[in-house]
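Only the coordinates and a few stated rules stand behind these numbers; no lab work does. Treat the numbers as computed from the prediction; the structure is a model and nothing was measured. Using ideal geometry, Cβ is built from the backbone for each residue, glycine included, and neighbour counts are taken over all protein chains shown.
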Amino acid sequence: MEIHRLKPQMHHWICLFGAILLETGGTTIMKMSQGWTFAHAAMLGLVLMWVAIAFSYYLLAMATTGLPVGVAFAFWEGLGLTLVTISSVFLLHEALNLKRFLGLACVVLGAWLVHLGTGHGENRH
């Protein structure tokens, strides 16, 4: 099924989740490139991050054409932070302690609450 034939709301959520994945991937690659040993590895990591973040912002902008800005940004930042932290645990061997886990749970719950508390399509005059 082509994306433009989906309900507009679904299309916007797909753009948002694409933006989140690009943000996460770009940030993770930038950090991983610091350990690469070939010439100009760190610069390659930065360039890949810049490209991924640029496309992430584009998809975020597309998502906000159909989703409330606060909801889109809350999910983009909240899920992005969560996925970057999870990737750092599995790919960069950083620790995931109870405080970190609870902090991530609060971020995800906060993004969900912003979504639930936002009026979708209601007139607010």
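The angle between the Cα long axis of helix 8-33 and the main principal axis of the chain comes to about 20°, on a 0 to 90 degree scale. Modelled label positions at residue 118 and residue 10, each set 7 Å beyond Cα in the direction of Cβ, lie 2.1 nm from each other.
Normalised by the number of residues in the chain, what is the relative contact order in percent for Cα pairs under 8 Å and 6+ residues apart? Dividing the mean separation by the residue count of the chain yields 29 percent. Peptides 15-27, 97-109 ordered by packing proxy, namely the average of other Cβ atoms within 10 Å per residue, highest first: 15-27, 97-109. Considering only 82, 28, 65, the Gaussian network model of the chain with Cα springs below 10 Å gives its largest mean-square fluctuation to 65.
What is the gain in length, in nm to one decimal, between residue 94 and residue 43 on full extension, counting 0.36 nm per residue of separation less the C-alpha to C-alpha distance?
16.1 nm
Suppose we look only past 22 Å in the calculated P(r) of the chain. What percent of the Cα-Cα pairs does that tail hold? That tail contains 45 percent of the Cα-Cα pairs.
Net charge dipole, the chain: roughly 100 debye, given to the nearest 20, about the Cα centre with Cβ charges of +1 for Lys and Arg and -1 for Asp and Glu.
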